[in-house]
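Asker: Below is a structure I'd like to ask you about.
The values are calculated or read from the model by the stated rules, or taken from the named source; none is laboratory data. None of the values given here were measured: they were computed from a predicted structure. Cβ: placed from backbone, ideal geometry, glycine included. Neighbour counts: every protein chain shown. In case anyone asks, the SASA skips ligands and DNA or RNA and just uses the protein heavy atoms, side chains included. Shrake-Rupley method; radii C 1.70, N 1.55, O 1.52, S 1.80 Å.
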Amino acid sequence: MDTVTLNTGARMPIAGFGVYQIPPDETQAAVEAALAAGYRCLDTAVSYGNEEAVGAAIKASGLPREELFVTTKLWIQHAPASSVEDDTMLSFGNSLRRLGLDHVDLYLIHQPMGDYYSEWRAMQRLHRDGRARAIGVSNFHPDRLVDLIDHNEIAPAVNQIEINPFHQRAADVELMRERGVQPEAWAPFAEGRNDLFGNPVLAGIGAAHGKSVAQVVLRWLVQRGVAVVAKSVRADRMAENLDIFDFAVTDDDLARIA
Ligand code: NAP
């Protein structure tokens, strides 16, 4: 598995498995299948309601903790009467407990809403005490990302944003590179919208390489250094979505997708 190096020096597998919209009672089986398929990078969130099931799958897999890269996300904190910083610490502790872990590899602010400056101060503390090995953000547009970087001690290691062929975000990715923030794509398949899997340009490129549309899309991202989190509940598709490291899209393919 190819990896990317974060601004902490840690290496993150470039292809991860996401569990958004997998019902909690189906998540353990899906994550166990993903780990069996070869995934080592898992992406969950408080708001997905399935951290416990992800933790159960990790435990059942018997895989050494150091082989896994686990990400979870903080949901927007509404705490006008108390301290958002304290509530962030509390929420993180609850995530760790649900996951059955003593640290996560990456902890993200899920949305740039509410008092995310206080959230970030707490996350810097969690990073310093080692319980969040890396900290980052999600869904931050360039203005908010730059503001957060310029006015805090620790810069986000990752910004997880929607990137897919219908929403390419080239300028956003470029800015992240300039600022040392690793871009990570969510919904690389646009959740199947706009008939992505039947798209003639992507299908044509796939046919030329003996690869599927899904594989072309993932390759298009990782080849440009963008980490991906993809979701499937089907074992055959999990394997397909990992089988992207034995071919390369050409400059012409890249131009056609662009
Ligand atoms: P996605 O990965 O773009 O698309 C998932 C859809 O594609 C599912 O319907 C899946 O169906 C199908 N699929 C997967 N592989 C396929 C293949 N090889 N061939 C045909 N169909 C395939 O959408 P997503 O789940 O929204 O995004 C991925 C992950 O990103 C999430 O699970 C989550 O971890 C993360 N995410 C983050 C945010 C954020 O705000 N930070 C937002 C959304 C998502 P089956 O399951 O039936 O195979």
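Asker: How many angstrom separate the Cα center of the stretch 194-253 from the Cα center of the stretch 1-57?
Answerer: So the separation of the two Cα centres works out to 19 Å.
Asker: Mind listing the phi-derived Karplus ³J(HN,Hα) values for the stretch 204-221, rounded to whole Hz, using 6.51, -1.76 and 1.60 with θ = phi - 60°, and x for any glycine or proline?
Answerer: Going residue by residue, I get x, 5, x, 4, 5, 9, x, 10, 7, 4, 4, 5, 4, 5, 5, 5, 4, 6 Hz, with x marking Gly and Pro.
Asker: Right, next: I need to check one value: relative contact order of the stretch 184-235, counting alpha carbon pairs closer than 8 Å and at least 6 residues apart, in percent.
Answerer: 47 percent
Asker: Rounded to the nearest percent, how much of the accessible area of the chain (1.4 Å probe, protein heavy atoms only) is carbon and sulfur?
Answerer: 50 percent
Asker: Continuing with the same structure: When a/c reaches 1.5 or more, the comparison of a/b and b/c decides; with that in mind, is the stretch 70-192 rounded, prolate or oblate per its Cα gyration tensor?
Answerer: prolate
Asker: Go through the stretch 193-203 residue by residue and turn each phi into a ³J(HN,Hα) via Karplus (6.51, -1.76, 1.60, θ = phi - 60°); whole Hz please, and just put x for glycine and proline.
Answerer: 5, 6, 6, 3, 6, x, 5, x, 5, 5, 5
Asker: Rounded to two decimals, what is the ratio between the C-alpha radius of gyration of the stretch 124-207 and 2.2 N^0.38 Å?
Answerer: 1.35
Asker: Checking the cross-link filter: which lysines have an alpha carbon closer than 30 Å to that of Lys59, excluding same-chain neighbours under 8 positions apart?
Answerer: In chain and number order, the partners are Lys73, Lys231.
Asker: In Å², and per residue, what accessible area does the stretch 38-157 have when probed at 1.4 Å with the other protein chains present?
Answerer: With all protein chains present, the stretch 38-157 gives 41 Å² per residue.
Asker: A further question follows. Can you work out ³J(HN,Hα) from phi for every residue in the stretch 16-22, in order, using Karplus 6.51 cos²θ - 1.76 cosθ + 1.60 and θ = phi - 60°, giving whole Hz and x for Gly and Pro?
Answerer: The phi angles translate into x, 10, x, 10, 5, 6, 8 Hz.
Asker: If you don't mind, there's one more thing I want to ask. Hey, can you grab everything whose amide H is under 5 Å from the amide H of Gln182? Only 5+ residues off in sequence or another chain; H modelled, so Pro and N-termini drop out.
Answerer: Asn7, Val158, Asn159
Asker: Run the numbers on the stretch 205-258 and let me know its relative contact order in percent, using alpha-carbon pairs under 8 Å that are six or more apart.
Answerer: 38 percent
Asker: Here is a further query. Where Lys and Arg each count +1 and Asp and Glu each count -1, what net charge lies around Lys211 among other residues with Cβ under 12 Å from its Cβ?
Answerer: Taking every Cβ under 12 Å from that of Lys211, the sum is -3.
Asker: Counting Lys and Arg as +1 and Asp and Glu as -1, what is the net charge of the other residues whose Cβ lies under 14 Å from the Cβ of Arg40?
Answerer: Surrounding charge for Arg40 is -4.
Asker: Considering the alpha-carbon set of the stretch 132-258 alone, what are its Rg and its Dmax in angstrom?
Answerer: 15.5, 48
Asker: Could you pull out every residue, at least 5 positions away or on a different chain, whose amide H is within less than 5 Å of the one on Thr3? Hs are placed 1.01 Å off N in the peptide plane, and Pro or chain starts have none.
Answerer: The answer is Ile14.
Asker: Between Phe69 and residues 5 or more places away or on another chain, which pairs have amide H atoms under 5 Å apart, with H built 1.01 Å from N, and which residues are they?
Answerer: It is Cys41, Leu42, by chain and number.
Asker: If you take every DSSP beta bridge whose two residues both sit in the stretch 134-258, what share of them, in percent to the nearest 5, is antiparallel?
Answerer: 10 percent
Asker: While we're looking at this one, here's another question. Sort Ile205, Ile76 by accessible area with a 1.4 Å probe, largest first.
Answerer: Sorted descending by solvent-accessible area, the residues read Ile76, Ile205.
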